[in-house]
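Student: Before I ask anything, let me first share the structure, which is written out below as structure tokens.
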Amino acid sequence: MERAEPMLASQIEGPDICQAATIETRMGRDLLARVETSVGTLDVLTEVTLIERKLVLSRLHVYGVNVDPNALGLVRVRHLVQEIVEDLDVDEITIEGAVRVTGAGPGRTVHPEGFA
């Protein structure tokens, strides 16, 4: 397997990472969405709570449908979340990840991460 070279923040496009987002299913506060990005498609499953102007995404699972490992990276994730903050007109998004089922450290819970 070919290993991707790490990219500097200056090499990664900033705006318009999110090309389209579609809500596939919604049951109560649970949401399944498909997000088309500049590096591929993501399926997102989460519980959504809006507290005043803060959006909380709990038990978040993300599946890269056609995204190569490490293609998104933390810098692009931050840009993507910032686009969502602006599109939804909220002040902050807090992501409370679910227990990891695959990848780095399966079985552990990811610490909450806030984006403003």
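Student: Which far-off residues, 5 or more places away or on another chain, put their amide H under 5 Å from the one on VAL67, with H placed in the peptide plane?
Tutor: THR41
Student: Let me ask something else about it. Show me, for the stretch 104-112, the HN-Hα J-couplings you get by feeding each phi into the Karplus relation (A = 6.51, B = -1.76, C = 1.60, θ = phi - 60°), rounded to Hz, glycine and proline as x.
Tutor: 6, x, x, x, 9, 8, 6, 5, x
Student: Shifting gears a bit: Per 0.36 nm of contour for each residue apart, how much would the distance between LEU50 and ARG100 grow if the chain were fully extended, relative to their Cα-Cα spacing?
Tutor: In short, 15.6 nm is gained.
Student: Go through 99-107, 45-53 and give me the packing order, highest mean Cβ count within 10 Å leading.
Tutor: 45-53, 99-107
Student: What translational diffusion coefficient, in µm²/s and rounded to a whole number, does the Stokes-Einstein relation yield for the chain at 37 °C and a viscosity of 0.692 mPa s, taking the hydrodynamic radius as the Kirkwood radius over Cα pairs?
Tutor: 218 µm²/s
Student: What value, in deg cm²/dmol to 500, does the helix sum -39500 (n - 2.57) over DSSP H runs of n ≥ 4 give at 222 nm once divided by the residues of the chain?
Tutor: -4500 deg cm²/dmol
Student: Karplus couplings for the stretch 63-80 from phi (6.51 cos²θ - 1.76 cosθ + 1.60, θ = phi - 60°), rounded to Hz, Gly and Pro as x?
Tutor: Computed from phi, the couplings for the stretch 63-80 are 10, x, 4, 9, 10, 5, x, 6, 6, 7, x, 5, 5, 5, 4, 4, 5, 4 Hz.
Student: Sorted by packing (mean other beta-carbon atoms within 10 Å per residue), highest first, where do 23-36, 77-90 land?
Tutor: Peptide ranking by packing, descending: 77-90, 23-36.
Student: Would you mind calculating the relative contact order of the stretch 57-116 from Cα pairs under 8 angstrom and at least 6 residues apart, reporting the percent as a whole number?
Tutor: Reported as a whole number, the value is 38 percent.
Student: Given charges of +1 on the Cβ of Lys and Arg and -1 on the Cβ of Asp and Glu, with all other atoms neutral, how large is the dipole of the chain about its Cα centre, in debye to the nearest 20?
Tutor: That gives a dipole near 480 debye.
Read-outs: derived from the displayed coordinates by stated rules, not from any lab. Worth saying up front: this structure is predicted, and the values here are computed from it rather than measured. Backbone-built Cβ (ideal geometry, glycine too); neighbour counts: all protein chains shown.
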